[in-house]
1. For residue 46, work out the one condition from (1) in contact with a strand residue (DSSP E or B) (Cβ under 9 Å, 6 or more places away or on another chain); (2) touching a residue at least 40 places away in the same chain (Cβ under 8 Å); (3) over 22 Å from residue 3 (Cβ atoms) it doesn't fulfil.
2. What are the residue pairs meeting all of these: first residue in the stretch 83-95, first residue not assigned by TED's automatic domain parsing to the domain that holds residue 112, second residue buried (at least 17 other Cβ atoms within 10 Å of the Cβ) and modelled with pLDDT of 90 or more, Cβ atoms under 8 Å, and 6 or more apart or on different chains?
3. Filter the stretch 76-97 down to the residues that are touching a helix residue (DSSP H, G or I) at 6+ places or on another chain (Cβ under 6 Å) and more than 11 Å from residue 60 (Cα to Cα) and list them by number.
4. Take the stretch 28-71 and flag every residue that is farther than 16 Å from residue 15 by Cα and touching a helix residue (DSSP H, G or I) at 6+ places or on another chain (Cβ under 7 Å).
5. Can you pull out every residue in the stretch 19-50 that is within 17 Å of residue 96 (Cβ to Cβ) and assigned to a strand (DSSP E or B)?
6. For the stretch 168-185, which residues satisfy the criterion of being crowded, with 18+ Cβ neighbours inside 10 Å and either in a loop (DSSP other than H, G, I, E, B) or modelled with pLDDT under 70 (or both)?
7. Tell me which residues, restricted to the stretch 84-121, are under 17 Å from the mean Cα position of the chain (by Cα), surrounded by 17 or more Cβ atoms within 10 Å (Cβ to Cβ) and assigned to a strand (DSSP E or B).
């Protein structure tokens, strides 16, 4: 096949999920580089990568909107459209460069905005109901929080809790109504652990992550707290682990979602 025909066959088989046929187009020593993933080596491993990456999309289509051939190198502008199992749609643009050898694809390198693609994937999943949707909504809500990660006390360490998000938090005691003015006294970007409030004024938690808790924060231990979340449509119950190493009410919080 000519280079343009080989690359077109690649897209035809990729879109048709013909994984065995796709593997046949790659050189036995083929390599694939894609943003956010380790380099993949070997014909069968490359085919397995695509099978795995596209498995979350019942519908997907890579459209090679522009193809430029320069000897044994083919550069392709791609527009991707996909649909998740929940019906949410995702689209983005990419550039792939194919290096050919012996009439087969020897190397494929992909470029796209992996950060934005992951953000779009989160936005799509955030429209789902249930646990997965709650987790995606919380991740989106915290996506723009900036600051240094805090290690947890006790037996917990950063990364030691599966599916956890770590943000700094502060415990505040409130008598009566938690007002916007009271909430505004606390550091921006910190979660609020609210204790003793009879009610929360409308708008008091705008742009904040907050939860109710009971009991005392002990500076020498990690204690579990039952909380409700109030941000980005999350209104109930994930678990929280907090510790207050200095005993001053400031805490590190891990939200289990």
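The values are calculated or read from the model by the stated rules, or taken from the named source; none is laboratory data. Owing to the predicted nature of the structure, the values given are computational and were not obtained by experimental measurement. All Cβ positions, glycine included, derive from the backbone under ideal geometry; neighbour counts span all protein chains shown.
1. The number of the failed condition is (3).
2. Taking only residues 6 or more apart or on different chains, not a single pair turns up.
3. Residues of the stretch 76-97 touching a helix residue (DSSP H, G or I) at 6+ places or on another chain (Cβ under 6 Å): 84, 88, 90, 92.
Scanning the stretch 76-97 gives 88, 92.
4. Taking the stretch 28-71 and keeping what is farther than 16 Å from residue 15 by Cα, we get 28-45, 66-71.
Residues satisfying the conditions are 28, 30, 32, 35, 36, 40, 43, 44, 67, 69.
5. Within the stretch 19-50, 26, 27, 30, 31, 32, 33, 40 qualify.
6. The answer is 169, and nothing else.
7. Result: 90, single match.
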